[in-house]
Amino acid sequence: MSSSRALRGIVAIACAGAFGLGLTVPAAAAPTTDPSDDSSAELQRALRSGRPLLGWRIALDPGHNGGNADDPAAINQLVSDGRGDLKPCNTVGTSTTSGYAEHEFNFDVAQRLTAQLERLGATVVSTREDDDGVGPCVDVRGRFAEDTDADLMVSIHANGSVDTSTEGFFVIVADPAISDSQGAPSLALAEDLIDALAGGGFTPSTAVDDALSMRSDLATLNFARRPAVLLELGEMRNPGDAAVMETAEGRQEYADAIAAGILEWTQDRKPQE
Ligand SMILES: [Zn+2]
């Protein structure tokens, strides 16, 4: 990681903090101030207490799992893709050329992101609690936010393009949408995360236009009935991206940027009743 990237990361964290406390109070004070509305009053208290995500329930999905490679029978079983076709339960994921595995990266970023979101007041649930199990299958991951009554889900991955010159992050949403949550709300969440990652100093994908990918084949997104996006945080085969992913500081910067993007998306929304 370059020192300029580190500096931009620090600036982004500072901006996120100032933004959270500075912009959110007037934004939330305007629309609903009915004192009989408990959830609104709770949100107001949350903002005053500096915990702007209080009341939000956020599902994280660290992609793949550390035990997947040792259990091909389990992860190769076919499950629904959520659109009438079948696909494998789960996959092994990619790795950097030095052998740092995607499942480990995804899980570490999710752990750091969990801590950051909880600091902001959110309740966080995760599709997996460790990095040495198998699965869960992608259909289970896709249903997870609804099953756990979460307000949104962010699935955390890294990409493994064969062309090692391909670099940068991109965000995937389900398309065409087959539920209300897969349309505008998920697209807005994707845009806020793209802005936050770019603002955190990360390079938008050199292979995906505007760092936004619309796909119909991902069960993790197809099954979602809450706003959901899948992040490909960088290219593990690209030396520059890999160097950032392999450091704790780099992973913390990813987590901070994702937290800022989630915070931004919640600004003019309320958690579900
Ligand atoms: Zn992945």
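Where a number appears in this text, it was derived from the coordinates with a stated rule and is not lab data. All of these numbers come straight from a predicted model, not from anything done at the bench. Glycine gets a Cβ as well: all are built from the backbone with ideal geometry, and neighbour counts include every protein chain shown.
The figures follow:
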| read-out | value |
| --- | --- |
| The stretch 150-171 residues that are closer than 15 Å to Val244 by Cβ and within 12 Å of the ligand (Cβ to nearest atom), paired with ones that are of a type in the set (Phe, Trp, Tyr) and outside any strand (DSSP E or B) (beta carbon under 8 Å, 6 or more apart) | Ala158/Phe105 |
| Condition check for Phe144: within 17 Å of the chain's Cα centre (by Cα), within 12 Å of the ligand (Cβ to nearest atom) and among the aromatic types (Phe, Trp, Tyr) | no |
| Flag for Glu104 being within 13 Å of the ligand (Cβ to nearest atom) and within 30 Å of Pro239 (Cα to Cα) | yes |
| Wholly within the stretch 208-273, helices (runs of 4 or more DSSP H) carrying at least 1 residues that are over 30 Å from Gly84 (Cβ atoms) | 239-245, 248-266 |
| The stretch 60-76, subset among the aliphatic types (A, V, I, L, M) and away from the ligand (no atom under 13 Å from the Cβ), residue nearest to the chain's Cα centre (by Cα) | Leu60 |
| Members of the stretch 187-207 that are within 20 Å of Ile258 (Cβ to Cβ) and either assigned to a loop (DSSP other than H, G, I, E, B) or out of contact with any strand residue (DSSP E or B) (no Cβ under 8 Å at 6 or more places or on another chain) (or both) | Ala188, Asp192, Asp195, Ala196, Gly199, Gly200, Gly201, Phe202, Thr203, Ser205 |
| Selection count where residues are surrounded by fewer than 20 Cβ atoms within 10 Å (Cβ to Cβ), in a helix (DSSP H, G or I) and among the small types (Gly, Ala, Ser), scope the stretch 137-186 | 1 |
